[in-house]
Amino acid sequence: MTQKTLTFEQLGITDDDVYTQMGYHGETPDPQTKAETAAVLSEVSRWLQPQFCFLVTAELPASLNIGTIIERQLRGASGYACFIATAGQSFEAYQQRLKREGDLVATFIADAVGSVIAEKCADQMEHTLQQSIDKLGWHHTNRFSPGYCGWHVSEQQLLFPLFERHTCGVTLTDSSLMLPIKSVSGIVGIGEKVRRLDYSCGLCSFEKCFKRRR
């Protein structure tokens, strides 16, 4: 098991990352939105402690039904890394405070920032994973999460027990929602014969996937 706590600076978040998540897609927000986005990022940067963890296994549990799309993408893997990445409890508390205060603009911006944090944290997980397998001459695939590419979100209930409660503080509701909400989980294939490729959105029917925004 590998677990790591990051700083805000290590995530390398840019304003454009947040604007894209907010739906601007290359356009420039109005000055007020830019100022409020900067304020949220400045606030978060002072106390944020995102975390990731991953474990490597030679085989996935037979009960795990990842679907044919992901199975094809993982073909040739010599092993698998199961991971969790999260913006953390402090960020969850921050979002809840903004909602209680009724600050709708800041709440909207924080929601976008949280999504970016979770994905950037998962990016750092991939980087650390690659460093750990470099000595073997191995590579890794894209990461795949329950809820995407035909892998049902309820399979979180089969994925999480693999971590034996070492989940960076992330828990599941009965409906398989992760808490803190701004968290990402999934699997990555590793081995000599696999590669990280561009996400093939044509293979997946999920129109709201964040990867389609890139």
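The values are calculated or read from the model by the stated rules, or taken from the named source; none is laboratory data. Remember, it's a predicted structure, so these values are computed and weren't measured experimentally. So basically every Cβ, Gly included, is an ideal-geometry build from the backbone, and we count neighbours across all protein chains shown. Surface areas here come from the heavy atoms of the whole protein model, side chains and all, with no ligands, DNA or RNA. Shrake-Rupley method; radii C 1.70, N 1.55, O 1.52, S 1.80 Å.
Give the ranking of Arg97, Arg46 by solvent-accessible surface, highest area first, calculated with a 1.4 Å probe.
Arg46, Arg97
Per residue, how much accessible surface does the chain expose to a 1.4 Å probe? Answer in Å², no decimals.
Value returned for the chain: 52 Å² of accessible area per residue.
So if I place +1 on the C-beta of Lys and Arg and -1 on the C-beta of Asp and Glu, and nothing else carries charge, what would the dipole magnitude of the stretch 66-123 be about its Cα centre? I want it in debye, nearest 20.
For this selection, approximately 140 debye.
Could you estimate the translational diffusion coefficient of the stretch 81-124 from the Stokes-Einstein equation, with Rh from the Kirkwood formula over C-alpha pairs, at 20 °C and 1.002 mPa s, in whole µm²/s?
Stokes-Einstein gives a translational diffusion coefficient of 194 µm²/s.
Using R₀ = 22 Å, calculate the FRET efficiency as 1/(1 + (r/R₀)^6) where r is the Cβ-Cβ separation of Glu59 and Leu158; round to 0.05.
So the FRET efficiency works out to roughly 0.95.
Can you give me the % of accessible surface on the chain that is carbon or sulfur? Probe 1.4 Å, all protein chains present, nothing else counted.
Solvent-exposed carbon and sulfur of the chain make up 50 percent of the total.
May I ask you to give the average projected area over all directions of the convex hull of the Cα atoms of the chain, in nm² rounded to one decimal?
12.1
With r defined as the distance between the Cβ atoms of Asp16 and Asp174 and R0 fixed at 25 Å, what FRET efficiency is calculated, to the nearest 0.05?
For Asp16 and Asp174, the calculated efficiency is 0.10.
FRET efficiency for Glu9 and Glu192, Cβ-Cβ distance as r, R0 = 30 Å, nearest 0.05?
0.35
Hey, can you list the DSSP H helices of the chain whose Cα span along the axis is 30 Å or longer and whose average Kyte-Doolittle score is at least -1.0?
Span-like helices, by this rule, are 104-133.
Under the definition of Cα pairs under 8 Å and six or more residues apart, what whole-number percent is the relative contact order of the stretch 1-100?
35
What spacing in nm lies between the two simple spin-label points modelled at Thr28 and Glu71, each 7 Å away from Cα in the Cβ direction?
5.1
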